[in-house]
Amino acid sequence: MNKTRVHIIKREEGWAVKKEGGQKASRVYESKKDAEEHSQSYREKGHDVIVHRRDGSVEKWEKAKV
Amino acid sequence: MVQLRNGKRLKFKILKNSFEKNIFINCPFDNDYHKLLRPLLFTIIYCGYNPRIALERFDSAELRLDKIKQLIDQSSLSIHDLSKIKATEKNEYYRLNMPFEIGLDLGCKLYNPDKKYRNKRSLILENERYGYQKALSDISSSDVKCHGGDPEDLVIEVRNWFSELGCLNLISGSTIWDDYNFFFTDFHEDRTLKGFKEKDLDKMPVPEFISYIEKWILKNNKQNHCA
């Protein structure tokens, strides 16, 4: 069974990393690059990571590594 | 019929042509505005309202003005986005459709003999505060909110307007924005699996996009937050 997807979403204060269905973002980063780098640990744990554009559309879909 | 995540099936039913729930959308239709139009449509449906927009149907034989008049007649609420009316390049025309349609909407409220139109409510959106007043000072006392061209801010401002209208049980604008991102992921995945390319998604007709939003909201049990 696929694990919950993790999203990198634009927020007023930066870029949030948030699991789908979660109440809160795990963390908000100042830059998108930082958010993407830190989200790699989720891929290693079996989560797909979806990187969004500022308008909410999908920029990148990074598949889980396991 | 929609298949819910818990396996149950739900009859697809969203109130159509309900005067109280209809929102006339007066906005630009060019590609630049899609990044704002899509989350706007999502937020309206998410909060339990029906977006009514000239792009909802295409009939070459139908006069544009007749269509707009009908949408205004059928809507108790309206959202007018004036953020793109200003010419940005030399020799570009000032855009008059949006101010013209505000005039029609206000005219309906002020002059229509039917009393139901007296309670029409409007939200005016713009890029920066007081920007539009330089060109349209006659309505300078109206309720205006600014999104600065940012989709998240647009979602939050529209959600807050619904709250001001009396929808006091709404979840936060930030949560709606996050859900829009989740929605778009499902939309992207579903359409890509069905052979759609990025260009197809960009040019998808508004009724098709609205239909997808409605089904997603029902499937994920996100509807009626304004009840």
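Read-outs: derived from the displayed coordinates by stated rules, not from any lab. Everything numeric in this text was worked out from a predicted model, so none of it was measured. All Cβ positions, even for glycine, are placed from backbone atoms using ideal geometry, and neighbour counts span all protein chains on display.
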Item to complete: Take B:72, B:156 and order them by how many other Cβ atoms sit within 10 Å, fewest up front.
Response: B:156, B:72
Worksheet entry | From phi via Karplus (6.51, -1.76, 1.60), per-residue ³J(HN,Hα) for segment B:115-132 in Hz, x at Gly/Pro | 5, 4, 7, 5, 8, 4, 10, 10, 10, 9, 10, 8, 6, 10, 4, 6, x, 5
Worksheet item: Taking the Cα centre of segment B:17-219 as the origin, how large is its charge dipole in debye, to the nearest 20, when only Lys and Arg (+1) and Asp and Glu (-1) carry charge on their Cβ atoms?
Response: 520 debye
Item to complete: Relative to the longest principal axis of the C-alpha atoms of chain B, give the angle of the C-alpha long axis of helix B:151-164, reported between 0 and 90° and rounded to the nearest 10°.
Response: 80 degrees
Worksheet item: Roughly what angle does helix A:32-44 make with the longest principal axis of chain A, taking Cα atoms, 0 to 90 degrees, to the nearest 10?
Response: 10 degrees
Worksheet item: Taking the Cα centre of the protein assembly as shown as the origin and placing charges on Cβ (Lys, Arg +1; Asp, Glu -1), which of B:135, A:41, B:146 is farthest toward the positive end of the dipole?
Response: A:41
Response to the item:
Neighbour-count ranking for B:175, B:88, B:185 (other C-beta within 10 angstrom, fewest to most) reads B:88, B:175, B:185
Worksheet item: What lysines could a cross-link reach from residue B:134, if we take a straight Cα to Cα line under 16 Å and drop same-chain neighbours fewer than 8 places away?
Response: B:84, B:86, B:145
Worksheet, complete the sentence: Here D for the protein assembly as shown, in µm²/s, from Stokes-Einstein with a Kirkwood Rh over Cα pairs at 4 °C and 1.567 mPa s, works out to 63 µm²/s
Worksheet item: Most fluctuating residue of B:54, B:135, B:87 in a GNM of chain B with Cα springs under 10 Å: which is it?
Response: B:87
Fill in: Lys/Arg +1, Asp/Glu -1 at C-beta; the protein assembly as shown dipole; positive extreme among B:206, B:97, B:78
B:206
Item to complete: Treat every Asp and Glu Cβ in segment A:6-60 as -1 and every Lys and Arg Cβ as +1, leave all other atoms uncharged, and give the resulting dipole magnitude about the Cα centre to the nearest 20 debye.
Response: 100 debye
Response to the item:
By Cβ neighbour count within 10 Å, fewest first, B:98, B:204 rank B:204, B:98
Worksheet, complete the sentence: With Cα coordinates, the longest principal axis of chain B makes an angle with the long axis of helix B:173-193, in degrees rounded to 10, of 60 degrees
Worksheet item: Residue by residue through segment A:10-17, which ³J(HN,Hα) values in whole Hz follow from phi under the Karplus form 6.51 cos²θ - 1.76 cosθ + 1.60 (θ = phi - 60°), with glycine and proline marked x?
Response: 5, 10, 4, 8, x, 10, 8, 9
Fill in: Hull shadow area, averaged, chain B [alpha-carbon convex hull, nm²]
14.1 nm²
Worksheet item: When chain A is modelled as a GNM with alpha-carbon springs shorter than 10 Å, which of A:16, A:35, A:25 fluctuates the most?
Response: A:25
Fill in: Cross-link reach list, lysines versus residue B:116, counting only Cα pairs under 24 Å and skipping chain neighbours closer than eight places
B:16, B:21, B:67, B:69
Fill in: Fluctuation leader among B:136, B:96, B:193 - chain B, Gaussian network, Cα springs under 10 angstrom
B:193
